[in-house]
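Just so it is clear, none of the values below were taken in a lab; they were calculated from the coordinates. Because the structure is a prediction, the values reported are computed rather than measured. FYI the Cβ positions are ideal-geometry reconstructions off the backbone, even for glycines, and counts take in every protein chain you see.
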Ligand SMILES: Cc1cc2nc3c(=O)[nH]c(=O)nc-3n(C[C@H](O)[C@H](O)[C@H](O)COP(=O)(O)O)c2cc1C
């Protein structure tokens, strides 16, 4: 089949997320100017450069109490800082709890019973048990086409890795099994791995 998004997909559910898949999940922690901590998953997330290392995530839609974007975006606009926490398979249920449409005053760390650790280079909490966390300062916030579509780009200023995930100098994803977002309500877990040499290597 072929469809043009402007005409609709004619399927029971939008297949877009099942096509752009699997996606890593950036579990974004932020701290508001009032000191309140916030945590939410974003799968429109990826790394976008090495030197300096930069990441992006996109906030789509808004909430009743926040007409322009979501709590993460609001905090980031106010402070210029955020932390990306990696989600292991073991953390899938806690991650899901933090995706609820809670009021701005709600601390999702507490709701999901997650222990906080302080970031080193920014004023923000991170998920202590996360296999890795990237402390970021904002480079740009780009308003995308459509209503309330915003892309946040951040420079990574600090990197945390769990020591038990480093095996012979390699950050070993099979030690923590990253969670990946697919389409619909589906997820996958990275449990097997193979390597390919590039042409000429
Ligand atoms: C796995 C997962 C991935 C998500 N990815 C995104 C995303 O990329 N962009 C987005 O705007 N919302 C995404 N959401 C929904 C947000 O997490 C949800 O709206 C949340 O309430 C936002 O919280 P906040 O207002 O504290 O930032 C995702 C939800 C889940 C469960």
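Please compute one quarter of the surface area of the Cα convex hull for the chain and express it in square nanometres.
Here the figure is 13.9 nm², rounded to one decimal.
Calculate, in nm to one decimal, what residue 1 and residue 137 gain on full extension: separation in residues at 0.36 nm each, minus their alpha carbon distance.
44.7 nm
Quick one: 77, 145, 181, 126, fewest Cβ neighbours within 10 Å first, how do they rank?
145, 77, 181, 126
Which of 135, 105, 81 moves the most in a Gaussian network model of the chain with Cα springs under 10 Å?
Checking each option, the largest mean-square fluctuation is seen for 105.
Only Cα pairs under 8 Å and at least 6 apart count here; give the relative contact order of the chain as a rounded whole percent.
24 percent
Counting other C-beta atoms within 10 Å, which of 91, 161, 1, 151 has the fewest, and how do the rest follow?
1, 161, 151, 91
Using a Förster distance of 30 angstrom, determine the FRET efficiency expected from the C-beta separation of residue 50 and residue 117, and round it to 0.05.
Once the sixth-power term is evaluated, E becomes 0.70.
Just grab the label-to-label distance for residue 19 and residue 90, each label 7 Å out from Cα along the Cβ direction, in nm (one decimal).
For residue 19 paired with residue 90, the spin-label model returns 3.8 nm.
What residue among 80, 26, 103 has the largest mean-square fluctuation in a Gaussian network model of the chain, using Cα springs under 10 Å?
Highest fluctuation among the options: 103.
Which one of 108, 155, 120 has the biggest mean-square fluctuation once the chain is modelled by GNM with Cα springs under 10 Å?
Sorting by GNM fluctuation, first place goes to 120.
Determine, from the Cβ-Cβ distance of residue 189 and residue 168 and an R0 of 25 Å, the FRET efficiency 1/(1 + (r/R0)^6), rounded to the nearest 0.05.
E between residue 189 and residue 168, to the nearest 0.05, is 0.65.
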